[in-house]
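The values are calculated or read from the model by the stated rules, or taken from the named source; none is laboratory data. Just so it is clear, the model here is predicted, and its values are computed rather than measured. Here the Cβ is made from the backbone with ideal geometry for all residues, glycine too, and neighbour counts use every protein chain on show. Accessible surface areas use protein heavy atoms only, side chains included; no ligands, DNA or RNA. Shrake-Rupley method; radii C 1.70, N 1.55, O 1.52, S 1.80 Å.
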Amino acid sequence: SRGEESFFYGPSRVTSAWIKYINDCQEKYLKKYHPDINHTDIVVTFFPTNLGQLPILNNTSTEFDLFVDVLDVFEKHFTDVVLMIKPHAVTNINLLVSEMNKRNIKHRITYLHPTILILRSSIVIASTPTNIFGDSKLIGTPTIEYSDLHKDILECTNGGSMAREYVDSFINKDKSKLISDVDMYIKQKIIIHTCDYPGASVLINNMLKL
């Protein structure tokens, strides 16, 4: 009410309590729901939306086309990587499962919280701007936006992402670039999913001070 003090709380996902909780419990949930994934596995997570037509994409493209490109790249070039796929509430799950059943890819369809997946991943990939990119940036996990933006949008963004401050690599329908960037980030071995990894304890401590 008028005259009372107020304060800005901010997004709950970046509070110290939430970060500490996720850091403390992530290993438990990974072991419970994906016990076959071990500490030595390289994990990349893809976050799809509806896999259909999106107004920001070229008229001839769908998110499913981009998803197929990503699968092609991992099936042919990154056979040792575990590809985690986190469906959105609007994802066409039947289409997703049908396509995955055709593939010889180490993959898991997962419903774990995005923050757990980000912490465990070497790379996060999506085809549209998403708050997942912001969370990944905070945590320090590299982000790739693999898209096919409409030319009018590309004009407005000077050929880049609409969320460029949160995207490490913007790739507009270029599988060769996707291969090279995935390879680059994997070789950097940026895996910080527990404090057992070098630098992770420092990162978590810094986040808890926010």
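Quick notes on this one:
Yes/no matrix, rows are residues, columns are (1) part of a loop (DSSP other than H, G, I, E, B); (2) surrounded by fewer than 18 Cβ atoms within 10 Å (Cβ to Cβ):
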position	(1), (2)
111	yes, yes
117	no, no
135	no, no
141	yes, no
145	no, no
152	no, yes
155	no, yes
159	yes, yes
170	no, no
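- Applying a threshold of 8 Å to beta carbon distances and a minimum spacing of six or more residues, or different chains, the list of pairs starting in segment 86-113 at a residue that is within 21 Å of residue 26 (Cβ to Cβ) and ending at one that is among the acidic types (Asp, Glu) reads 106/80.
- Looking only at segment 69-88, and only at residues there that are of a type in the set (Val, Ile, Thr) and not in a helix (DSSP H, G or I), the one that is most open to solvent (accessible area, probe 1.4 Å): 79
- Checked against (1) surrounded by 12 or more Cβ atoms within 10 Å (Cβ to Cβ); (2) over 18 Å from residue 148 (Cβ atoms), residue 17 meets all criteria but (1).
- Segment 26-35, residues that are open to solvent by less than 70 Å² (accessible area, probe 1.4 Å) and either among the polar types (S, T, N, Q) or not in a loop (DSSP other than H, G, I, E, B) (or both): 26, 27, 29, 30
- Subset of segment 36-53 (residues that are farther than 17 Å from residue 80 by Cα and either part of a helix (DSSP H, G or I) or not small (Gly, Ala, Ser) (or both)): 47, 48, 49, 50, 51, 53
- The residue pairs whose first member lies in segment 7-34 and is among the acidic types (Asp, Glu), whose second member is at pLDDT below 75 and surrounded by 15 or more Cβ atoms within 10 Å (Cβ to Cβ), and whose beta carbons are closer than 9 Å, counting only pairs six or more residues apart or on different chains, are 27/193; 27/194.
- Taken over segment 54-67, residues that are in a helix (DSSP H, G or I) and open to solvent by 30 Å² or more (accessible area, probe 1.4 Å) amount to 2.
- Among the conditions (1) within 18 Å of residue 75 (Cβ to Cβ); (2) open to solvent by 50 Å² or more (accessible area, probe 1.4 Å); (3) touching a residue at least 12 places away in the same chain (Cβ under 8 Å); (4) in contact with a strand residue (DSSP E or B) (Cβ under 9 Å, 6 or more places away or on another chain), residue 174 misses just one, which is (3).
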